[in-house]
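To start, the structure itself, in structure tokens.
Bear in mind that the values in this text are calculations on the coordinates, not laboratory data. Computed from a prediction, not measured in an experiment: that's the story for all the values here. In this analysis, Cβ positions are derived from the backbone assuming ideal geometry, glycine residues included, and neighbour counts consider all displayed protein chains.
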Amino acid sequence: MKKFSFMIILLAVLLIPLKIKARSDIITVTLNKCVDGDTARYIYNDARMKVRFLGINTMELKSDNNYAKIAADYTCESLTNAKEIKLEFDPKSDEKDKYNRYLAWVFVDNTLLESDLVEKGYAEVKYIYDDYKYVDDLY
């Protein structure tokens, strides 16, 4: 009976989606893992979430391009050394991309990480499909 109860609880946890109250919510998260220059995994309310940074693109690590590693290293260093990481969900953006990653603006110690990556030349402004909140900051 204990094994059956555990399986039901596990199944329920896996099927319950991460609850974000509103599309414009700002949540404080903990870094779980750096993925690359424009994607990371976080923990929020004991749940893991994969997040694609909204409005930018960096080179893929698989591309064998040195800039891809530089961007990934910078992002990881910024996130790892942050005192606080906040994600803001833009009401004009889709909640998730086609790879089931959440789409969000990423703030590291109150600085918009996407803007920082673009300013340093590690990312390009991309995938702007509406009048997103911080697009002007990126340009």
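What is the sum of charges around ILE85, taking Lys and Arg as +1, Asp and Glu as -1, for the other residues whose C-beta is under 12 Å from the C-beta of ILE85? Don't skip to the end; give the middle numbers.
Working: positive: ARG41, LYS83, LYS86; negative: GLU84, GLU88, ASP109.
Local net charge: 0.
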The ³J(HN,Hα) series, computed from each phi in region 128-139 with the Karplus coefficients 6.51, -1.76 and 1.60 at θ = phi - 60°, rounded to the nearest Hz and given as x for glycine or proline, is 9, 10, 7, 8, 5, 4, 10, 4, 4, 5, 6, 7
Could you please state, rounded to a whole Å, how far the C-alpha centre of region 53-85 is from the C-alpha centre of region 92-133?
12 Å
Sequence-distant residues sharing a close amide H with ILE56 (under 5 Å, placed H):
LYS126
For region 40-55, Karplus-derived ³J(HN,Hα) couplings (6.51, -1.76, 1.60; θ = phi - 60°; whole Hz; x for glycine and proline) come out as 8, 10, 10, 10, 9, 6, 6, 10, 8, 9, 9, 10, 9, 5, 6, x
Charge tally in the Cβ shell below 12 Å around LYS50, where Lys, Arg are +1 and Asp, Glu are -1, LYS50 excluded
+3
